[in-house]
Structures are given as structure tokens and as C-alpha cells.
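Q: The structure that follows is given in the form of C-alpha cells.
The values are calculated or read from the model by the stated rules, or taken from the named source; none is laboratory data. Fair warning: this is a prediction, and the values are worked out from it, not measured in the lab. Neighbour counts run over all protein chains shown; Cβ positions are idealised from the backbone, glycine included.
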Amino acid sequence: MILSDSRILEEIEKGTIVIEPYDRSNLGSNSYDVHLGKYLAVYNDTMLDARKHNQISHFEIPEEGYVLQPGTLYLGVTEEYTETHAHVPFLEGKSSTGRLGIDIHATAGKGDVGFCNAWTLEISCVQPVRVYANMPIGQLIYFPAEGEVINKYNSKDSAKYNGRTNKPVESMMWKNKF
């Protein structure tokens with residue numbers, strides 16, 4: 001069951017959903033629109049290794065926008081910092097974003113109860129497309145969690161993406177044991 005706009009507002013009032021900055025005009029019938037932050041990043045190496053710390057370079061999107069190129073994975077970030085203390089958040093691209101040929105996540109569309117941060121986006125495109133800081137990029141939807149959540153993300157020792165940031169964060173797969 002997805003939370004409706006009135007239920008999202010109730011949860012914001014209770015503090016179980018936090019969105020900063022919050023703008024009521026971004027609240028849809030059952031979602032909240034999020035925007036592309038001002039920073040993008042790309043990996044420094046063309047060949048990545050899941051067992052090593054692959055470094056990235058950050059850059060700011062200029063006022064005139066930035067042209068994404070096919071065949072490159074860009075890491076972006078939402079302008080909005082979010083906290084979700086009692087619901088499972090899902091991030092999906094807006095249909096307008098998809099119709100420009102932009103994918104905003106490769107696999108990481110679901111957050112965890114207890115996730116407190118901006119969302120790193122795994123951006124790719126099918127043809128060159130100019131993007132801008134603060135453009136609508138996706139939407140958050142919220143599902144209630146059934147039962148008590150014992151292991152919230154923000155209290156897990158193994159959580160790799162807990163540090164609050166306004167820049168994209170590279171893969172921390174190398175921290176896993178395999």
C-alpha cells in the first residue's frame with residue numbers, strides 16, 4: 001500500500017518522514033518530487049573493480065547545464081535530504097525524465113527504514129541530453145513497513161552510506177566481505 005498525499009503530510013507532521021528542503025508544491029497524489037542537486041561525479045577509471053575503492057571526481061553542474069553522454073555512468077545526488085523512520089522509501093524517475101532517455105538508478109531504487117541522507121543517483125542516458133541543477137529528476141513513494149523494524153539503517157554498524165552529504169557517493173562494495 002503506497003502512502004497518499006494526506007498520509008505523507010501526516011507522517012511529515014509526526015516526524016517519521018523528513019524532507020529538507022520541503023516545498024508543498026512538490027507533493028503529488030502519492031509521491032514527492034525530488035530534484036537534481038548541483039553536483040555530479042564520474043569514476044576516474046574506465047574499468048572498475050568490485051573489490052577495490054574506485055575513486056570518483058566531483059564537479060558542479062554549470063548554470064548553462066551539463067550534457068550527459070551515453071556510455072558513461074554519472075553519479076548524481078538529490079537536492080533533498082530525506083529521513084524515513086517508519087516507511088520503506090522508493091525512488092523512481094519521473095516520466096518526463098524517462099521520456100528524455102534518462103535513467104536515474106541502475107538498481108538502487110529502494111531505501112531502508114532509517115535511511116537518512118540525500119539519495120545518490122546512478123544516472124545514464126540513451127542519447128546526449130542537457131541536465132540542470134534543481135531540475136525535477138525523480139519522485140519518492142513510501143510504503144508502510146509491516147511489523148517492528150529491529151535493524152534500522154541509520155543504526156547498523158555495517159551501513160555504508162550514513163554520512164550526510166550533498167555530493168554523490170561512490171560504490172562502497174569494497175567494504176563487503178566476499
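Q: Taking the condition of being at pLDDT 95 or above and surrounded by fewer than 14 Cβ atoms within 10 Å (Cβ to Cβ), how many residues in segment 99-119 meet it?
A: Here the count works out to 1.
Q: Mind listing whichever residues of segment 34-60 are over 16 Å from THR165 (Cβ atoms) and out of contact with any Asp or Glu (no Cβ under 9 Å at 6 or more places or on another chain)?
A: Across segment 34-60, the qualifying residues are VAL42, ASN44, ASP45, THR46, MET47, LEU48, ASP49, ALA50, ARG51, LYS52.
Q: Here is a follow-up. Could you check how many residues of segment 40-77 are surrounded by fewer than 18 Cβ atoms within 10 Å (Cβ to Cβ), within 21 Å of GLU92 (Cα to Cα) and among the hydroxyl-bearing types (Ser, Thr, Tyr)?
A: Final tally of qualifying residues: 1.
Q: Out of curiosity, is SER57 of a type in the set (Gly, Ala, Ser) and under 15 Å from LEU140 (Cα atoms)?
A: So SER57 does not fit the description; no.
Q: What pairs can you find where one residue is in segment 1-19 and free of Cβ contacts under 8 Å to residues at least 60 places away in the same chain, the other is of a type in the set (Gly, Ala, Ser) and surrounded by fewer than 14 Cβ atoms within 10 Å (Cβ to Cβ), and their Cβ atoms are less than 9 Å apart, with a gap of 6+ or different chains?
A: From segment 1-19, the pairs are SER4/SER29; ASP5/SER29.
Q: Please name all residue pairs, on different chains or six or more residues apart, with Cβ atoms under 6 Å, provided the first residue is in segment 97-112 and is of a type outside the set (Ser, Thr, Tyr) and the second residue is in a helix (DSSP H, G or I).
A: The qualifying pairs are ASP112/TYR153.
Q: Scan segment 20-47 for residues that are in contact with a helix residue (DSSP H, G or I) (Cβ under 9 Å, 6 or more places away or on another chain), free of Cβ contacts under 8 Å to residues at least 60 places away in the same chain and closer than 26 Å to TYR74 by Cα and jot them down.
A: If the condition is that a residue be in contact with a helix residue (DSSP H, G or I) (Cβ under 9 Å, 6 or more places away or on another chain), free of Cβ contacts under 8 Å to residues at least 60 places away in the same chain and closer than 26 Å to TYR74 by Cα, then TYR22 is the only one that fits.
Q: Sort out which residues of segment 120-174 are of a type in the set (A, V, I, L, M, F, W, C), surrounded by 15 or more Cβ atoms within 10 Å (Cβ to Cβ) and within 20 Å of LEU73 (Cα to Cα), and write them in order of number.
A: Passing the criteria: LEU121, ILE123, CYS125, VAL129, VAL131, ALA133, MET135, ILE137, VAL169, MET173.
Q: How about segment 94-178: which strands (runs of 3 or more DSSP E) wholly inside it have at least 1 residues that are more than 23 Å from SER29 (Cα to Cα) and not polar (S, T, N, Q)?
A: Passing ranges, in order: 116-125, 129-131.
Q: Is segment 133-153 home to any residue that is over 28 Å from LYS177 (Cα atoms), of a type in the set (Ser, Thr, Tyr) and over 16 Å from the mean Cα position of the chain (by Cα)?
A: No, segment 133-153 has no match at all.
Q: Next question, about the same structure. Just checking, does segment 58-68 include any residue being of a type in the set (A, V, I, L, M, F, W, C) and part of a loop (DSSP other than H, G, I, E, B)?
A: There is at least one residue in segment 58-68 that is of a type in the set (A, V, I, L, M, F, W, C) and part of a loop (DSSP other than H, G, I, E, B).
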